[in-house]
Amino acid sequence: MGLKVLTGIKPTGQLTLGNYLGVLKNLHQYTEDGNEAYIFIADLHALTLPIEPETLRTNTIDIACFYLAAGLDPNKCTLFLQSSVPAHAELNAIVQNYMYMGELGRMTQFKDICTKMGIAKDAKDSHVGLGIFAYPVLMSADIVLYDADIVPVGQDQTQHVELCRTLVNRFNHRYGDVLKMPKAVNNKVGAKIMSLSDPTKKMSKSDPKGDIFLKDDLAVVRKKIMSAVTDMGSEVKFDPENKPGISNLLTIYAATKGISIEDAEKEFVGYRYGDFKKAVADAVCADLEAFQQRYRHILETKEYEKVLKDGAIKASEQANKVLDQVKNTVGLVTIK
Ligand code: AQP
(Lines give C-alpha, C1' and ligand atoms only; values in the text may rest on other atoms or scores of the structure.)
Protein backbone atom coordinates (compact mmCIF):
# COMPACT_ATOMS: atom_id res chain seq x y z
CA MET A 1 0.00 0.00 0.00
CA GLY A 2 1.18 3.55 -0.72
CA LEU A 3 2.26 6.03 1.90
CA LYS A 4 0.70 9.30 2.94
CA VAL A 5 3.18 12.11 2.41
CA LEU A 6 3.03 15.67 3.68
CA THR A 7 5.43 18.51 3.08
CA GLY A 8 5.34 22.31 2.96
CA ILE A 9 7.41 25.38 2.31
CA LYS A 10 6.85 28.70 4.03
CA PRO A 11 6.74 31.82 1.83
CA THR A 12 9.03 33.86 4.07
CA GLY A 13 11.36 34.93 1.28
CA GLN A 14 12.56 34.09 -2.17
CA LEU A 15 13.29 30.38 -2.44
CA THR A 16 16.92 29.35 -2.57
CA LEU A 17 18.90 26.60 -4.21
CA GLY A 18 18.84 24.99 -0.73
CA ASN A 19 15.03 24.73 -0.81
CA TYR A 20 15.23 23.42 -4.37
CA LEU A 21 17.89 20.75 -3.89
CA GLY A 22 16.82 19.92 -0.34
CA VAL A 23 13.16 19.30 -1.11
CA LEU A 24 11.54 20.67 -4.30
CA LYS A 25 13.55 18.84 -6.92
CA ASN A 26 12.80 15.39 -5.56
CA LEU A 27 9.21 15.79 -4.44
CA HIS A 28 7.71 14.23 -7.56
CA GLN A 29 9.10 10.82 -6.49
CA TYR A 30 6.66 10.82 -3.56
CA THR A 31 3.68 11.24 -5.84
CA GLU A 32 4.35 7.92 -7.58
CA ASP A 33 3.65 4.33 -6.54
CA GLY A 34 0.16 4.83 -5.15
CA ASN A 35 1.29 7.33 -2.52
CA GLU A 36 -1.10 10.04 -1.38
CA ALA A 37 0.88 13.29 -1.32
CA TYR A 38 -0.29 16.51 0.33
CA ILE A 39 1.98 19.39 -0.60
CA PHE A 40 1.30 22.87 0.67
CA ILE A 41 2.42 26.44 0.97
CA ALA A 42 2.77 27.21 4.66
CA ASP A 43 1.53 30.78 4.46
CA LEU A 44 0.32 30.94 8.08
CA HIS A 45 3.84 30.03 9.16
CA ALA A 46 5.19 32.93 7.12
CA LEU A 47 3.41 35.36 9.45
CA THR A 48 5.57 34.24 12.36
CA LEU A 49 8.24 36.77 11.34
CA PRO A 50 7.56 40.32 10.10
CA ILE A 51 6.67 40.34 6.40
CA GLU A 52 5.09 42.89 4.03
CA PRO A 53 1.65 41.80 2.75
CA GLU A 54 2.69 42.26 -0.89
CA THR A 55 5.86 40.26 -0.37
CA LEU A 56 3.89 37.46 1.23
CA ARG A 57 1.47 37.40 -1.71
CA THR A 58 4.27 37.33 -4.29
CA ASN A 59 6.21 34.63 -2.44
CA THR A 60 3.09 32.51 -2.08
CA ILE A 61 2.26 32.55 -5.79
CA ASP A 62 5.90 31.94 -6.62
CA ILE A 63 6.03 28.81 -4.49
CA ALA A 64 2.87 27.47 -6.14
CA CYS A 65 4.56 27.99 -9.53
CA PHE A 66 7.84 26.51 -8.28
CA TYR A 67 6.15 23.33 -7.12
CA LEU A 68 4.65 22.88 -10.58
CA ALA A 69 7.85 23.92 -12.36
CA ALA A 70 9.75 21.34 -10.30
CA GLY A 71 7.62 18.67 -11.94
CA LEU A 72 4.76 18.06 -9.52
CA ASP A 73 1.73 16.74 -11.36
CA PRO A 74 -1.38 18.21 -9.68
CA ASN A 75 -3.34 15.12 -10.76
CA LYS A 76 -1.04 12.95 -8.70
CA CYS A 77 -0.95 15.05 -5.53
CA THR A 78 -2.94 17.62 -3.57
CA LEU A 79 -1.36 21.05 -3.76
CA PHE A 80 -2.88 23.71 -1.54
CA LEU A 81 -2.53 26.81 0.61
CA GLN A 82 -2.42 26.21 4.36
CA SER A 83 -4.64 29.22 5.07
CA SER A 84 -7.35 27.92 2.76
CA VAL A 85 -7.85 24.84 4.93
CA PRO A 86 -9.23 26.13 8.27
CA ALA A 87 -8.66 22.76 9.96
CA HIS A 88 -4.96 23.67 10.39
CA ALA A 89 -5.73 26.60 12.68
CA GLU A 90 -8.45 24.66 14.50
CA LEU A 91 -6.28 21.65 15.23
CA ASN A 92 -3.47 24.00 16.26
CA ALA A 93 -5.76 25.35 18.99
CA ILE A 94 -6.30 21.82 20.29
CA VAL A 95 -2.83 20.26 20.05
CA GLN A 96 -1.10 23.25 21.66
CA ASN A 97 -2.46 21.91 24.94
CA TYR A 98 -0.40 18.75 24.59
CA MET A 99 2.96 20.40 23.92
CA TYR A 100 5.25 21.97 26.47
CA MET A 101 6.92 25.39 26.49
CA GLY A 102 10.20 23.78 27.58
CA GLU A 103 10.16 21.60 24.48
CA LEU A 104 9.45 24.51 22.17
CA GLY A 105 12.17 26.65 23.75
CA ARG A 106 14.74 23.95 23.03
CA MET A 107 14.16 23.94 19.26
CA THR A 108 17.39 24.82 17.45
CA GLN A 109 15.65 26.87 14.77
CA PHE A 110 13.89 28.99 17.38
CA LYS A 111 17.16 29.59 19.23
CA ASP A 112 18.92 30.47 15.95
CA ILE A 113 16.23 32.97 14.98
CA CYS A 114 16.42 34.63 18.40
CA THR A 115 20.18 34.90 18.06
CA LYS A 116 19.94 36.28 14.51
CA MET A 117 17.40 38.88 15.60
CA GLY A 118 19.37 39.69 18.74
CA ILE A 119 16.47 38.90 21.06
CA ALA A 120 16.80 37.17 24.39
CA LYS A 121 14.75 33.98 24.24
CA ASP A 122 14.48 33.45 27.97
CA ALA A 123 13.88 36.94 29.31
CA LYS A 124 10.40 37.50 30.68
CA ASP A 125 10.06 40.76 28.80
CA SER A 126 11.40 39.27 25.57
CA HIS A 127 9.85 40.48 22.34
CA VAL A 128 9.82 37.06 20.72
CA GLY A 129 6.50 36.61 18.95
CA LEU A 130 4.29 33.82 20.23
CA GLY A 131 3.89 32.52 16.68
CA ILE A 132 7.59 31.86 16.08
CA PHE A 133 7.89 30.23 19.50
CA ALA A 134 4.85 28.03 18.84
CA TYR A 135 5.76 27.32 15.20
CA PRO A 136 6.27 23.56 15.79
CA VAL A 137 2.75 23.32 17.27
CA LEU A 138 1.13 24.45 14.03
CA MET A 139 3.60 22.31 12.10
CA SER A 140 2.51 19.29 14.15
CA ALA A 141 -1.12 20.07 13.37
CA ASP A 142 -0.19 20.32 9.66
CA ILE A 143 1.35 16.86 9.76
CA VAL A 144 -1.20 14.88 11.75
CA LEU A 145 -4.18 16.29 9.82
CA TYR A 146 -3.11 14.26 6.80
CA ASP A 147 -2.29 11.03 8.66
CA ALA A 148 1.18 11.51 7.22
CA ASP A 149 3.50 8.50 7.28
CA ILE A 150 6.44 10.47 5.95
CA VAL A 151 7.45 14.12 5.89
CA PRO A 152 10.17 14.94 3.32
CA VAL A 153 12.21 17.84 4.70
CA GLY A 154 15.71 19.28 4.72
CA GLN A 155 17.80 18.45 7.78
CA ASP A 156 16.88 21.69 9.57
CA GLN A 157 13.24 20.64 9.91
CA THR A 158 13.89 17.13 11.23
CA GLN A 159 13.86 18.29 14.85
CA HIS A 160 10.37 19.75 14.41
CA VAL A 161 9.09 16.45 13.02
CA GLU A 162 10.66 14.72 16.04
CA LEU A 163 8.67 17.05 18.30
CA CYS A 164 5.53 16.13 16.39
CA ARG A 165 6.31 12.48 17.13
CA THR A 166 6.53 13.35 20.82
CA LEU A 167 3.09 14.97 20.58
CA VAL A 168 1.63 11.91 18.84
CA ASN A 169 3.03 9.62 21.54
CA ARG A 170 1.67 11.81 24.29
CA PHE A 171 -1.76 12.21 22.72
CA ASN A 172 -2.14 8.53 21.87
CA HIS A 173 -0.92 7.50 25.32
CA ARG A 174 -3.74 9.57 26.81
CA TYR A 175 -6.55 8.71 24.35
CA GLY A 176 -5.62 5.55 22.44
CA ASP A 177 -4.45 5.13 18.88
CA VAL A 178 -5.85 8.32 17.33
CA LEU A 179 -2.99 10.15 15.59
CA LYS A 180 -0.72 8.60 12.96
CA MET A 181 3.01 8.52 13.81
CA PRO A 182 4.96 10.47 11.14
CA LYS A 183 8.60 10.10 10.15
CA ALA A 184 10.93 12.74 8.68
CA VAL A 185 12.82 11.75 5.56
CA ASN A 186 15.81 13.69 4.19
CA ASN A 187 17.29 13.52 0.72
CA LYS A 188 20.40 11.36 0.62
CA VAL A 189 22.28 14.21 -1.07
CA GLY A 190 21.38 17.88 -0.61
CA ALA A 191 19.60 17.71 2.75
CA LYS A 192 21.65 20.67 3.90
CA ILE A 193 23.00 23.09 1.32
CA MET A 194 25.28 25.67 2.90
CA SER A 195 25.81 29.38 2.22
CA LEU A 196 28.31 30.11 -0.55
CA SER A 197 29.89 32.94 1.43
CA ASP A 198 30.00 31.08 4.76
CA PRO A 199 29.81 27.33 4.14
CA THR A 200 29.50 26.62 7.86
CA LYS A 201 25.99 28.17 7.77
CA LYS A 202 22.83 26.85 6.11
CA MET A 203 21.71 28.56 2.92
CA SER A 204 18.53 30.19 4.18
CA LYS A 205 15.96 32.43 2.51
CA SER A 206 15.66 34.76 5.49
CA ASP A 207 19.44 35.19 5.74
CA PRO A 208 20.32 35.92 2.12
CA LYS A 209 24.12 36.16 2.45
CA GLY A 210 25.67 33.59 0.14
CA ASP A 211 22.32 32.44 -1.27
CA ILE A 212 21.44 31.48 -4.82
CA PHE A 213 17.83 32.40 -5.44
CA LEU A 214 15.71 30.39 -7.84
CA LYS A 215 14.76 33.56 -9.72
CA ASP A 216 18.33 34.87 -9.98
CA ASP A 217 19.52 35.74 -13.44
CA LEU A 218 21.73 32.88 -14.66
CA ALA A 219 24.71 35.20 -15.08
CA VAL A 220 24.34 36.10 -11.41
CA VAL A 221 24.09 32.43 -10.44
CA ARG A 222 27.31 31.71 -12.32
CA LYS A 223 29.08 34.65 -10.70
CA LYS A 224 27.97 33.59 -7.22
CA ILE A 225 29.28 30.06 -7.74
CA MET A 226 32.56 31.25 -9.25
CA SER A 227 33.16 33.47 -6.21
CA ALA A 228 32.07 30.90 -3.60
CA VAL A 229 34.38 30.64 -0.59
CA THR A 230 36.73 27.64 -0.78
CA ASP A 231 40.08 27.02 0.95
CA MET A 232 43.83 27.28 0.40
CA GLY A 233 44.17 23.67 -0.75
CA SER A 234 43.89 22.33 -4.27
CA GLU A 235 42.16 18.95 -4.00
CA VAL A 236 38.46 18.58 -4.83
CA LYS A 237 37.52 16.30 -1.96
CA PHE A 238 34.44 15.82 0.23
CA ASP A 239 35.56 16.75 3.72
CA PRO A 240 32.94 19.00 5.37
CA GLU A 241 35.07 19.64 8.44
CA ASN A 242 38.26 20.78 6.74
CA LYS A 243 36.91 21.76 3.32
CA PRO A 244 33.38 23.04 3.94
CA GLY A 245 33.27 25.21 0.79
CA ILE A 246 34.45 22.52 -1.62
CA SER A 247 32.23 19.92 0.11
CA ASN A 248 29.23 22.22 -0.29
CA LEU A 249 29.94 22.71 -4.00
CA LEU A 250 30.35 18.94 -4.44
CA THR A 251 27.00 18.45 -2.71
CA ILE A 252 25.37 21.06 -4.95
CA TYR A 253 26.81 19.37 -8.04
CA ALA A 254 25.79 15.86 -6.93
CA ALA A 255 22.26 16.92 -5.93
CA THR A 256 21.80 18.84 -9.17
CA LYS A 257 22.92 15.89 -11.29
CA GLY A 258 21.14 13.30 -9.11
CA ILE A 259 24.36 11.37 -8.42
CA SER A 260 26.21 10.33 -5.25
CA ILE A 261 28.92 12.48 -3.66
CA GLU A 262 31.43 9.68 -4.34
CA ASP A 263 30.65 9.74 -8.05
CA ALA A 264 30.88 13.53 -8.11
CA GLU A 265 34.28 13.34 -6.38
CA LYS A 266 35.53 10.88 -9.01
CA GLU A 267 34.56 13.28 -11.81
CA PHE A 268 36.82 16.00 -10.42
CA VAL A 269 40.02 14.15 -9.59
CA GLY A 270 42.92 16.38 -10.69
CA TYR A 271 40.70 19.43 -11.31
CA ARG A 272 41.76 22.91 -10.26
CA TYR A 273 39.25 24.77 -8.07
CA GLY A 274 38.45 27.25 -10.87
CA ASP A 275 37.60 24.51 -13.39
CA PHE A 276 35.64 22.63 -10.78
CA LYS A 277 33.57 25.71 -9.96
CA LYS A 278 32.90 26.25 -13.64
CA ALA A 279 31.55 22.70 -13.95
CA VAL A 280 29.31 23.25 -10.91
CA ALA A 281 28.06 26.53 -12.39
CA ASP A 282 27.36 24.84 -15.77
CA ALA A 283 25.33 22.09 -14.09
CA VAL A 284 23.32 24.42 -11.86
CA CYS A 285 22.65 26.93 -14.66
CA ALA A 286 21.48 24.20 -17.07
CA ASP A 287 19.05 22.88 -14.47
CA LEU A 288 17.81 26.33 -13.43
CA GLU A 289 17.39 27.53 -17.00
CA ALA A 290 14.77 24.86 -17.75
CA PHE A 291 13.20 25.33 -14.33
CA GLN A 292 12.91 29.11 -14.76
CA GLN A 293 11.31 28.72 -18.19
CA ARG A 294 8.63 26.45 -16.75
CA TYR A 295 8.13 28.83 -13.83
CA ARG A 296 7.57 31.83 -16.12
CA HIS A 297 5.08 29.90 -18.23
CA ILE A 298 3.06 28.77 -15.19
CA LEU A 299 3.08 32.28 -13.75
CA GLU A 300 1.88 33.82 -17.01
CA THR A 301 -0.88 31.28 -17.66
CA LYS A 302 -1.98 31.37 -13.98
CA GLU A 303 -2.22 27.60 -14.15
CA TYR A 304 -1.70 27.52 -10.37
CA GLU A 305 -5.09 29.12 -9.61
CA LYS A 306 -7.28 26.14 -10.42
CA VAL A 307 -4.70 23.78 -8.91
CA LEU A 308 -4.85 25.61 -5.57
CA LYS A 309 -8.63 25.90 -5.64
CA ASP A 310 -9.14 22.19 -6.27
CA GLY A 311 -6.37 21.40 -3.80
CA ALA A 312 -8.08 23.28 -0.97
CA ILE A 313 -11.25 21.23 -1.43
CA LYS A 314 -9.41 17.91 -1.52
CA ALA A 315 -7.14 18.77 1.39
CA SER A 316 -10.10 19.93 3.51
CA GLU A 317 -11.88 16.60 3.00
CA GLN A 318 -8.94 14.70 4.49
CA ALA A 319 -8.11 17.28 7.17
CA ASN A 320 -11.68 17.57 8.43
CA LYS A 321 -11.85 13.81 8.97
CA VAL A 322 -8.92 13.91 11.39
CA LEU A 323 -10.09 17.15 12.98
CA ASP A 324 -13.54 15.69 13.69
CA GLN A 325 -12.00 12.59 15.15
CA VAL A 326 -9.71 14.61 17.42
CA LYS A 327 -12.54 16.91 18.53
CA ASN A 328 -14.66 13.91 19.38
CA THR A 329 -11.76 12.22 21.17
CA VAL A 330 -11.03 15.15 23.48
CA GLY A 331 -14.70 15.71 24.26
CA LEU A 332 -15.69 18.62 22.04
CA VAL A 333 -19.29 18.40 20.93
CA THR A 334 -19.99 18.68 17.20
CA ILE A 335 -23.52 19.58 16.23
CA LYS A 336 -24.13 18.79 12.58
N1 AQP B 1 19.91 25.02 2.92
C2 AQP B 1 19.00 24.05 2.80
N3 AQP B 1 19.38 22.83 2.35
C4 AQP B 1 18.48 21.83 2.21
N5 AQP B 1 17.17 21.96 2.51
C6 AQP B 1 16.75 23.15 2.95
N7 AQP B 1 15.54 23.60 3.33
C8 AQP B 1 15.64 24.90 3.69
N9 AQP B 1 16.91 25.31 3.57
C10 AQP B 1 17.63 24.25 3.11
C11 AQP B 1 14.32 22.82 3.30
O12 AQP B 1 13.39 23.49 2.47
C13 AQP B 1 12.08 23.22 2.96
C14 AQP B 1 11.30 24.48 3.05
O15 AQP B 1 11.81 25.27 4.07
P16 AQP B 1 10.84 26.19 4.92
O17 AQP B 1 10.29 27.22 4.07
O18 AQP B 1 9.85 25.39 5.64
O19 AQP B 1 11.77 26.88 5.95
P20 AQP B 1 13.16 26.60 6.50
O21 AQP B 1 13.43 25.19 6.76
O22 AQP B 1 13.33 27.48 7.69
O23 AQP B 1 13.99 27.11 5.25
P24 AQP B 1 14.71 28.46 5.10
O25 AQP B 1 15.05 28.64 3.67
O26 AQP B 1 15.85 28.51 6.07
O27 AQP B 1 13.62 29.52 5.50
P28 AQP B 1 13.64 30.65 6.59
O29 AQP B 1 14.87 31.43 6.28
O30 AQP B 1 12.38 31.39 6.35
O31 AQP B 1 13.69 30.03 7.93
C32 AQP B 1 12.22 22.52 4.30
O33 AQP B 1 11.98 21.15 4.15
C34 AQP B 1 13.65 22.78 4.66
O35 AQP B 1 14.16 21.76 5.49
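The table for this structure:
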item	result
Portion, in percent, of the accessible area of the chain that falls on carbon or sulfur, probe 1.4 Å	52
Cα→Cβ-extended label distance, 7 Å offset, between Ser260 and His127, nm	5.1
Nonlocal amide H pairs with Ala37, under 5 Å, H built at 1.01 Å	Val5, Thr78
Which listed pairs, of Lys209/Lys257; Lys4/Lys243; Lys76/Lys266; Lys76/Lys224, have C-alpha distances above 31 Å, in listed order	Lys4/Lys243; Lys76/Lys266; Lys76/Lys224
Solvent-accessible heavy-atom area per residue, rounded to whole Å², over the chain at 1.4 Å	49
Spin-label model distance (nm) - Asp275 vs Ala89, 7 Å beyond Cα toward Cβ	5.9
Efficiency of FRET from Cβ geometry, Ser234 and Asp177, R₀ 56 Å, rounded to 0.05	0.45
Gyration tensor verdict on segment 66-114 (Cα atoms; rounded if a/c is under 1.5, prolate if a/b is larger than b/c, oblate otherwise)	oblate
Cα-based reach from Lys306 at 16 Å (exclusive), listing aspartates and glutamates while leaving out same-chain residues under 8 positions away	Asp62, Asp73
Among 155-168, 215-228, 86-99, the order from most to least packed when residues are scored by Cβ within 10 Å on average	155-168, 86-99, 215-228
Prolate/oblate/rounded label for the chain (Cα gyration tensor, a/c 1.5)	prolate
Linear extension gain, Lys309 paired with Glu52, 0.36 nm per residue minus alpha-carbon span	90.1 nm
Furthest towards positive pole of dipole, Val128, Met194, Gln293, structure part the chain, Cβ charges	Val128
Computed magnitude of the charge dipole of segment 197-301 (debye, nearest 20; Cβ of K, R +1, Cβ of D, E -1)	300
Nonlocal amide H pairs with Met194, under 5 Å, H built at 1.01 Å	Met203
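The values are calculated or read from the model by the stated rules, or taken from the named source; none is laboratory data. Here the structure is a predicted model, which means the values were calculated and not measured. Reconstructed Cβ throughout: ideal geometry from the backbone, glycine too, with neighbour counts over all protein chains shown. Remember, those area values only see protein heavy atoms, side chains included, never the ligands or the DNA or RNA. Shrake-Rupley method; radii C 1.70, N 1.55, O 1.52, S 1.80 Å.
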